[in-house]
Amino acid sequence: MKDKKERPSGIHNEVCLGCGCDLALGKEDDHMIGRKHGDLVWPLCLPCHHKRSELQREEPRPTDDPRNVFEVIGRWLLSVAEYFELMCETFRCFGAFLIEFARQGYGADLKLQ
């Protein structure tokens, strides 16, 4: 949603699905499986959208029927893998951050159930 007025109530800000940054400074609607194959878009920041575009350039060329069910499913799988590639760096940062908190004694009184 490009305008705050379009947001459903309760949604105050959007974050990039790749790196988790606030999208208030700018975003790109990324066609999840490519414009030719589907209409679903997800929000990405400009740097993540650029990285994602590079990953998409490495994908196999479309078949004669880009809406063929096997092609669409294949594109979804490639797309999900690419989104995970974008998230990996952020996951590593969050993991290291939490481990450093544990080293400082935070969370010792908490238990996972």
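The values are calculated or read from the model by the stated rules, or taken from the named source; none is laboratory data. None of the values given here were measured: they were computed from a predicted structure. Counting neighbours? That spans all protein chains shown, and the Cβs are built from the backbone with ideal geometry, glycine included. Protein only, heavy atoms only, side chains kept; ligands, DNA and RNA dropped before computing areas. Shrake-Rupley method; radii C 1.70, N 1.55, O 1.52, S 1.80 Å.
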| request: With everything on Cα atoms, drop me the angle between helix 69-103 and the longest principal axis of the chain, reported from 0 to 90° to the nearest 10. | output: 20 degrees
| request: Along each of the three principal axes of the Cα atoms of segment 65-108, give the extent in whole Å, ordering the values from largest to smallest. | output: 57, 17, 7
| said: Given the -39500 (n - 2.57) contribution per DSSP H run of 4+ residues, what per-residue ellipticity at 222 nm results for the chain, rounded to the nearest 500 deg cm²/dmol? | reply: -14500 deg cm²/dmol
| task | Of the options P62, G26, H50, report the single residue whose Cα projects farthest towards the positive end of the charge dipole of the chain (beta-carbon charges: Lys, Arg +1; Asp, Glu -1). | result | G26
| query | Counting other Cβ atoms within 10 Å of each Cβ, which chymotrypsin sites (Phe, Trp or Tyr not before Pro) in segment 7-113 have at most 12 and sit in a DSSP loop? | reply | Y106
| For the chain: lysine pairs under 28 Å (alpha-carbon distance), excluding those fewer than 8 apart on one chain | 9
| query | To the nearest 10 degrees, how steep is helix 46-57 against the longest Cα principal axis of the chain, on a 0 to 90 scale? | reply | 50 degrees
| field | Protein accessible area in the chain, 1.4 Å probe - carbon and sulfur % | value | 60 percent
| query | What accessible area per residue, rounded to a whole number of Å², is obtained for the chain using a probe radius of 1.4 Å? | reply | 77 Å²
| task | Rounded, prolate or oblate: pick one for the chain, where a ≥ b ≥ c are the square roots of the eigenvalues of its C-alpha gyration tensor, a/c under 1.5 means rounded, and failing that, prolate if a/b is larger than b/c, else oblate. | result | prolate
| query | Separation between the F101 and E85 pseudo-spin-labels, each 7 Å from Cα along Cα→Cβ, expressed in nm? | reply | 3.0 nm
| What does the charge add up to near G38, with Lys and Arg as +1, Asp and Glu as -1, over the other residues with Cβ less than 14 Å from its Cβ? | -2
| Leaving out ligands, DNA and RNA but keeping every protein chain, what accessible area does D29 have, in Å² rounded to the nearest 10, with a 1.4 Å probe? | 50 Å²
| Heavy atoms of V69: accessible area, 1.4 Å probe, square angstrom to 10 | 90 Å²
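Evaluate the charge dipole of the chain about its Cα centre and quote only its size in Debye, nearest 20, assuming +1 on the Cβ of each Lys and Arg and -1 on the Cβ of each Asp and Glu.
Using only the charged Cβ atoms, the result is roughly 200 debye.
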